[in-house]
Every structure is written in structure tokens, then in C-alpha cells.
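First the structure, in the form of C-alpha cells, and then the observations on it.
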Amino acid sequence: MRVIAGKAKRLQLKTPQGMETRPTTDRIKETLFNMIQDEIYDTCFLDLFSGSGGIGIEALSRGARKACFVEQSKAAVDVIKENIRYTHFEEQAEVLHCTAAAALKMLQGKDCFDIVFMDPPYGRGLETEILKNPVFYQVLQDKALIIIEADLDTKLSEVELSGFRILKEKIYKTNKHIFLEKI
């Protein structure tokens with residue numbers, strides 16, 4: 001896994017050992033960032049369920065002002081911190097070792113994010129829990145972009161989308177990205 005473009009272009013990133021995380025492949029990451037490239041510069045980026053931190057680091061490399069990484073696994077947090085040091089983004093990065101729900105409480109009243117990427121474990125409904133959490137809505141800028149990486153079977157109901165609208169879905173072979181906007 002590597003940084004695709006920007007300041008840290010071509011730098012190899014480490015990934016946590018084991019099967020707890022599913023790093024977004026370089027090909028899918030490149031497609032995703034080509035789709036949102038014009039929206040990245042000078043943003044505050046939230047990477048929920050960060051894994052190795054590759055998505056947030058890619059955002060910083062492409063011009064995001066700040067990125068916050070949220071990860072529950074201690075081993076993954078250690079890898080994120082190492083990747084941030086290696087890519088020299090320590091001044092722009094914040095790493096929270098906790099659940100996504102706990103992180104939202106910690107961020108409430110502190111940060112408002114322009115872009116959120118969440119890649120929760122598949123099949124557990126964690127993306128729905130986040131979308132329905134009133135604190136999540138409060139930590140977002142108006143018209144914030146939310147990107148959910150999910151399995152192909154994930155469907156979001158109107159109840160789950162209260163306060164958000166679907167902009168588009170990008171379907172890959174094994175998963176998809178759902179693009180939402182805060183309304």
C-alpha cells in the first residue's frame with residue numbers, strides 16, 4: 001500500500017498484521033481520490049475506522065489542512081502513528097485510540113469536518129449507528145461530504161439518512177463507496 005499522489009507520493013505505508021483491517025486497495029483509493037480531488041484542498045478530514053490510516057494520509061498528501069484518525073485497535077493505532085511520522089504529517093494529524101462513537105463525543109464542540117471517510121467492519125451496521133448519532137451531525141460542516149466504504153449488500157434507508165442525501169454510489173467488484181452530503 002502506498003500514497004498515490006501529492007506531497008508524500010509513492011511512499012509505502014505499513015498495514016496492521018492480521019485480518020482485523022481491510023486496507024483499501026491502491027486502485028480503489030486512486031479512483032476515490034480522483035472523484036473527490038477538487039474538494040480535498042484545505043479541508044478538515046475525518047478518517048473513521050482508520051485501519052492503517054492510508055485514506056487520511058492520502059487526503060493530507062493531496063492538500064487537506066488537517067486529518068483526524070479514529071481507530072479502536074491498538075495495533076492499528078501504532079501503525080497509523082508510524083505511517084504519519086514516516087510521511088511527515090505529524091503537525092496536521094490527530095490520532096484517537098477509541099471507538100467511533102467515543103471519538104465523536106471527544107470531537108464535539110472542537111472540530112467541524114468538511115469530509116468524512118468511514119470504512120467500518122462490514123455487516124455490523126456501524127455506518128448506520130454513526131449516521132444516526134446526533135453528535136456526528138454536529139461535528140460536520142454544512143454540506144459536508146461523507147463517504148462510506150461498504151459491502152455490496154449495504155443499503156441505507158430513509159430513516160438512516162435523515163439529515164443526509166445520497167449523491168452517488170461507486171460500485172467495485174467486491175465493495176462500494178456511498179457518497180452522502182449533509183443537508
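Here are some notes:
- Selected residue (criterion: most open to solvent (accessible area, probe 1.4 Å)) from residues of the stretch 38-47 that are of a type outside the set (S, T, N, Q) and in contact (Cβ under 8 Å) with a residue 60 or more places away in the chain: Glu39
- Tallying residues that are in a helix (DSSP H, G or I) and either out of contact with any Gly (no Cβ under 7 Å at 6 or more places or on another chain) or not small (Gly, Ala, Ser) (or both) within the stretch 22-77 yields 25.
- Selection within the stretch 139-160: residues that are more than 27 Å from Thr25 (Cα to Cα) and in contact with a Leu (Cβ under 8 Å, 6 or more places away or on another chain). The member of this set that is modelled with the highest pLDDT is Val139.
- One residue stands out in the stretch 91-137 among those that are in a strand (DSSP E or B) and in contact (Cβ under 8 Å) with a residue 60 or more places away in the chain: the one that is farthest from Phe33 (Cα to Cα), namely Phe113.
- Of all residues in the stretch 48-70, those that are farther than 14 Å from Val116 by Cβ have Cβ atoms under 7 Å from Cβ atoms of residues that are open to solvent by 10 Å² or more (accessible area, probe 1.4 Å) and small (Gly, Ala, Ser), 6 or more apart or on another chain, in Leu60/Ala93; Ser61/Ala5; Ser61/Gly6; Arg62/Ala5; Arg62/Gly6; Gly63/Gly6.
- Filter result for the condition that a residue is surrounded by fewer than 20 Cβ atoms within 10 Å (Cβ to Cβ) and of a type in the set (A, V, I, L, M, F, W, C), over Ala64, Ala102: Ala102
- Tally of residues being open to solvent by 60 Å² or more (accessible area, probe 1.4 Å) and either at pLDDT 80 or above or in contact with a strand residue (DSSP E or B) (Cβ under 9 Å, 6 or more places away or on another chain) (or both) across the stretch 6-21: 5
- Just one of (1) of a type outside the set (Gly, Ala, Ser); (2) in contact with a helix residue (DSSP H, G or I) (Cβ under 8 Å, 6 or more places away or on another chain); (3) more than 22 Å from Tyr41 (Cα to Cα); (4) open to solvent by 10 Å² or more (accessible area, probe 1.4 Å) fails for Asp153. It is (2).
- Of all residues in the stretch 71-90, those satisfying the criterion of being touching a residue at least 40 places away in the same chain (Cβ under 8 Å) and closer than 20 Å to Gly6 by Cα are Glu82, Asn83, Tyr86, Thr87, His88, Phe89.
This table checks each residue for (1) within 14 Å of the chain's Cα centre (by Cα); (2) of a type in the set (A, V, I, L, M, F, W, C); (3) over 23 Å from Val135 (Cα atoms).
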{"residue": "Asp42", "(1), (2), (3)": "no, no, yes"}
{"residue": "Gly51", "(1), (2), (3)": "yes, no, no"}
{"residue": "Ala67", "(1), (2), (3)": "yes, yes, no"}
{"residue": "Lys74", "(1), (2), (3)": "no, no, yes"}
{"residue": "Ala93", "(1), (2), (3)": "yes, yes, no"}
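The values are calculated or read from the model by the stated rules, or taken from the named source; none is laboratory data. None of these values were measured; they are calculated from a predicted model. Heads up, the Cβs are rebuilt from the backbone with ideal geometry, glycines too, and the neighbour counts pull from every protein chain shown. Just so you know, the surface numbers come from the protein's heavy atoms only, side chains and all, with ligands and any DNA or RNA stripped out. Shrake-Rupley method; radii C 1.70, N 1.55, O 1.52, S 1.80 Å.
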